[in-house]
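The values are calculated or read from the model by the stated rules, or taken from the named source; none is laboratory data. Since the model is a prediction, treat every value here as computed from it, not as a measurement. Please note: Cβ atoms are built from the backbone with ideal geometry, for glycine as well, and neighbour counts cover all protein chains shown. Only protein heavy atoms, including side chains, enter the accessible area calculation; ligands, DNA and RNA are left aside. Shrake-Rupley method; radii C 1.70, N 1.55, O 1.52, S 1.80 Å.
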Amino acid sequence: MASLVSTLHEKITSRRARTGVVGLGYVGLPLAVEFAKSGFRTTGIDLDPRKIDAIRRGQSYIPDVQTSDVTALTTAGMLDATTDFSVVRELDTLNICVPTPLRKTKDPDMSYIVSAVESIAKHLRPGTLVSLESTTYPGTTDEVVQPLLEATGLKAGKDFFLAFSPERVDPGNPTFQTHNVPKVVGGLTPDCAMLAGALYGTAIETIVPVSSTRVAEMVKLLENTFRAVNIGLVNELALMCDRMNIDVWEVVDAAKTKPFGFMAFYPGPGLGGHCIPIDPFYLSWKAKQSGFDPRFIELAGHINAGMPHYVVDKVGEALNTRKKAINGSKILVAGIAYKRDIDDMRESPALDVMGLLHEKGALVSYTDPHVPHVDAKEWTGNKAIESVNAGPGSFGRYDCVVIVTDHRSFDYKALVAEADLVVDTRNAIKERAPHVFRLGAPQPATQGVNVSV
Ligand SMILES: NC(=O)c1ccc[n+]([C@@H]2O[C@H](COP(=O)([O-])OP(=O)(O)OC[C@H]3O[C@@H](n4cnc5c(N)ncnc54)[C@H](O)[C@@H]3O)[C@@H](O)[C@H]2O)c1
């Protein structure tokens, strides 16, 4: 009789396996589409009925996923979606892509993983492969997921297969998407690793096997902690440069001409998104449980979290040159998504900048073509606000315009020409002008000459 391992392997390589993706957000929907494109009948499971309805109508709600792909795949019967976990019984593989936020205390919030795994466990049948993709601390797969699934009486590595494979999607990146970003895969046992590698290998160009789920979990946290710490370093350098009348942007651009041993990171108004501000704290929480005090992570977190306050100080400094206060000034925040040209504003530092300005009495507006609306609960202003339609002819209405996210669609020429004062936290304005204040750079009155070769 064929073993569960060889049966599932054959089903995967022949594309007869039914694949399932749990959590259809920025990570899960692109992955479900890749599996469906590579020939698997794929079912997405999510608790949000609006996402399920959209997929069933052939509609994408994630900018990196084309609606034409979703339409073609649903019409061909290759992609379906449901809120009903009982479909798990019909599926051979399950990839879990649910959120892993932090609690207010900066401890990991595992409730989404636990809830998704408990729902899967109710319908788990022998021979299924479960792969966790949510970013989390080392030990989650074997300490949290495995016991919940084994509570069914089935044994991991024998009756069902368990792996961890971190997602590395970079929303808005036109070059690297799910199918061409190498995929790190760690299995609970060699069979688990082999089956997970086989599954991902059908849809993703390069598979990077590692020896355990814990190594795979740690790889993702190293990658994101590396970014958080280096951004913390360059943010500290920006604060230093401001004090020393040196332009940090010019320093980084010159340093990056070194062809080895240097990688450019840029300062900014603070960290945003679902990964970099959060994931390092998953690692530090777990390290502390093991009696280890992770100092780099905490220090970088401290510096990065202070950046919105520095931006507000910069606004105060700019207004001061007009003998104005933040209190009562009309301030436009340009760009509130956490990074350029995307619609995701989770953890965006713009929300902190807006909240701090509001607390100091500013009349805060924002403009962002990708984020039309901010709910009252999303910022400390406690009132819902809509993006204003700012463009040529309207920048002059404000006492100060603060560029927090440098979307490509902004008309920077008009912004500089019309705004009375500009605070640029992204070095979006290349020309030096007496009313443009840049993060990590000397006061406009004292800045150096434009240099060109
Ligand atoms: N967004 C990124 O750029 C990115 C990159 C790499 C890794 N990650 C990681 O991937 C994971 C998912 O992130 P995301 O950005 O896709 O999140 P998301 O919020 O966009 O999507 C998560 C989805 O899971 C659904 N969900 C929540 N609980 C559920 C449950 N119990 N059962 C079924 N569905 C449930 C939500 O409704 C939502 O649609 C996180 O751990 C994140 O850290 C995200």
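In contact (Cβ under 8 Å) with a residue 24 or more places away in the chain and open to solvent by 60 Å² or more (accessible area, probe 1.4 Å) - does that describe any residue in segment 68-80?
Taking segment 68-80 and keeping what is in contact (Cβ under 8 Å) with a residue 24 or more places away in the chain, we get 69-70, 73, 77-80.
Subsequent filtering for residues that are open to solvent by 60 Å² or more (accessible area, probe 1.4 Å) retains 80.
Checked segment 68-80: at least one residue is in contact (Cβ under 8 Å) with a residue 24 or more places away in the chain and open to solvent by 60 Å² or more (accessible area, probe 1.4 Å).
Limited to segment 84-112, what total is found for residues that are in a loop (DSSP other than H, G, I, E, B), within 15 Å of the ligand (Cβ to nearest atom), surrounded by 13 or more Cβ atoms within 10 Å (Cβ to Cβ) and at pLDDT 95 or above?
Within segment 84-112, residues that are in a loop (DSSP other than H, G, I, E, B), within 15 Å of the ligand (Cβ to nearest atom), surrounded by 13 or more Cβ atoms within 10 Å (Cβ to Cβ) and at pLDDT 95 or above number 7.
Among (1) part of a helix (DSSP H, G or I); (2) open to solvent by 90 Å² or more (accessible area, probe 1.4 Å); (3) within 21 Å of A441 (Cβ to Cβ), where does E236 come up short?
Tallying (1) part of a helix (DSSP H, G or I); (2) open to solvent by 90 Å² or more (accessible area, probe 1.4 Å); (3) within 21 Å of A441 (Cβ to Cβ), E236 fails exactly one: (2).
Among the residues of segment 277-308, how many are out of contact with any Pro (no Cβ under 7 Å at 6 or more places or on another chain), in a loop (DSSP other than H, G, I, E, B) and crowded, with 21+ Cβ neighbours inside 10 Å?
Total meeting the criteria: 1.
One line per residue, one yes/no per condition, for (1) open to solvent by less than 80 Å² (accessible area, probe 1.4 Å); (2) not in a loop (DSSP other than H, G, I, E, B):
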position: G381; (1), (2): yes, no
position: N389; (1), (2): no, no
position: G393; (1), (2): yes, no
position: R408; (1), (2): no, no
position: A414; (1), (2): yes, yes
position: A417; (1), (2): no, yes
position: N427; (1), (2): yes, no
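Looking at (1) among the β-branched types (V, I, T); (2) near the ligand (Cβ under 9 Å from one of its atoms); (3) open to solvent by 60 Å² or more (accessible area, probe 1.4 Å), find the lone condition where T13 falls short.
(2)
Test T7 against the criterion of being open to solvent by 30 Å² or more (accessible area, probe 1.4 Å) and over 22 Å from E133 (Cβ atoms), and give yes or no. Outline the logic, then answer.
Numbers: open to solvent by 30 Å² or more (accessible area, probe 1.4 Å): yes; over 22 Å from E133 (Cβ atoms): yes.
Considered against the rule, which asks whether it is open to solvent by 30 Å² or more (accessible area, probe 1.4 Å) and over 22 Å from E133 (Cβ atoms), T7 comes out as yes.
For (1) under 20 Å from R438 (Cα atoms); (2) modelled with pLDDT of 95 or more, each residue gets a yes or a no:
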site	(1), (2)
V374	no, yes
E378	no, no
I385	no, yes
Y398	yes, yes
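Among the numbered criteria (1) closer than 26 Å to L237 by Cα; (2) in contact with a helix residue (DSSP H, G or I) (Cβ under 8 Å, 6 or more places away or on another chain), which one does I331 miss?
Tallying (1) closer than 26 Å to L237 by Cα; (2) in contact with a helix residue (DSSP H, G or I) (Cβ under 8 Å, 6 or more places away or on another chain), I331 fails exactly one: (1).
Within the bounds of segment 134-155, is there any residue that is closer than 18 Å to L29 by Cα, under 25 Å from the mean Cα position of the chain (by Cα) and within 12 Å of the ligand (Cβ to nearest atom)?
Within segment 134-155, the subset closer than 18 Å to L29 by Cα is 134-135.
Okay, now just the ones that are also under 25 Å from the mean Cα position of the chain (by Cα), so 134-135.
Applying the additional criterion that residues be within 12 Å of the ligand (Cβ to nearest atom) yields 134-135.
Yes; the residues of segment 134-155 include at least one that is closer than 18 Å to L29 by Cα, under 25 Å from the mean Cα position of the chain (by Cα) and within 12 Å of the ligand (Cβ to nearest atom).
Could you check, for segment 340-350, whether at least one of its residues is more than 26 Å from E418 (Cα to Cα) and more than 16 Å from the ligand (Cβ to nearest atom)?
Taking every residue of segment 340-350 in turn, none turns out to be more than 26 Å from E418 (Cα to Cα) and more than 16 Å from the ligand (Cβ to nearest atom).
What number of residues in segment 163-183 are more than 13 Å from Y200 (Cβ to Cβ) and away from the ligand (no atom under 11 Å from the Cβ)? It would help to see each step written out before you state the result.
The first filter runs over segment 163-183 and keeps only residues more than 13 Å from Y200 (Cβ to Cβ), leaving 169-177.
Now drop any that are not away from the ligand (no atom under 11 Å from the Cβ), which leaves 174-177.
Total meeting the criteria: 4.
For V215, state whether it is within 24 Å of P280 (Cβ to Cβ), surrounded by fewer than 17 Cβ atoms within 10 Å (Cβ to Cβ), modelled with pLDDT of 95 or more and not small (G, A, S).
Yes: the conditions hold for V215.
List every residue pair whose Cβ atoms sit under 6 Å apart, with the two residues 6 or more apart in sequence or on different chains, where the first one lies in segment 113-136 and is farther than 17 Å from A216 by Cα and among the small types (G, A, S) and the second, anywhere, is open to solvent by less than 20 Å² (accessible area, probe 1.4 Å) and within 13 Å of the ligand (Cβ to nearest atom).
Qualifying pairs under 6 Å: A116/V22; A116/I96.
Select, from V333, V371, V311, the only residue that is surrounded by 14 or more Cβ atoms within 10 Å (Cβ to Cβ) and free of Cβ contacts under 8 Å to residues at least 40 places away in the same chain.
Details: V333 fails: free of Cβ contacts under 8 Å to residues at least 40 places away in the same chain; V311 fails: free of Cβ contacts under 8 Å to residues at least 40 places away in the same chain.
From the options V333, V371, V311, the qualifying one is V371.
Note down all Cβ pairs under 7 Å where the first residue falls in segment 263-291 and is under 20 Å from M345 (Cβ atoms), the second is within 12 Å of the ligand (Cβ to nearest atom) and hydroxyl-bearing (S, T, Y), and they're at least six residues apart or on different chains.
Between residues of segment 263-291 that are under 20 Å from M345 (Cβ atoms) and residues that are within 12 Å of the ligand (Cβ to nearest atom) and hydroxyl-bearing (S, T, Y), the close pairs are G272/Y338; G273/Y338; C275/T135; D279/T135.
Out of curiosity, is V27 within 14 Å of the ligand (Cβ to nearest atom), closer than 17 Å to A203 by Cβ and modelled with pLDDT under 95?
Numbers: within 14 Å of the ligand (Cβ to nearest atom): yes; closer than 17 Å to A203 by Cβ: yes; modelled with pLDDT under 95: yes.
So V27 fits the description; yes.
Are any residues in segment 25-50 crowded, with 24+ Cβ neighbours inside 10 Å and touching a Phe, Trp or Tyr at 6+ places or on another chain (Cβ under 9 Å), and if so, which ones?
Across segment 25-50, the qualifying residues are L29, T42, I45.
Go through P269, P259 for me and flag whichever is open to solvent by 20 Å² or more (accessible area, probe 1.4 Å) and more than 13 Å from A228 (Cβ to Cβ).
Working: P269 fails: open to solvent by 20 Å² or more (accessible area, probe 1.4 Å).
One residue alone meets the criteria, P259.
Listed here are the residues, each with its yes/no results for (1) assigned to a loop (DSSP other than H, G, I, E, B); (2) buried (at least 16 other Cβ atoms within 10 Å of the Cβ).
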{"position": "S131", "(1), (2)": "no, yes"}
{"position": "P147", "(1), (2)": "no, no"}
{"position": "R168", "(1), (2)": "yes, yes"}
{"position": "N173", "(1), (2)": "yes, no"}
{"position": "F176", "(1), (2)": "yes, no"}
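Just to be sure, is D159 at negative phi, surrounded by fewer than 20 Cβ atoms within 10 Å (Cβ to Cβ) and at pLDDT below 95?
Values: at negative phi: yes; surrounded by fewer than 20 Cβ atoms within 10 Å (Cβ to Cβ): yes; at pLDDT below 95: no.
Answer is no for this residue.
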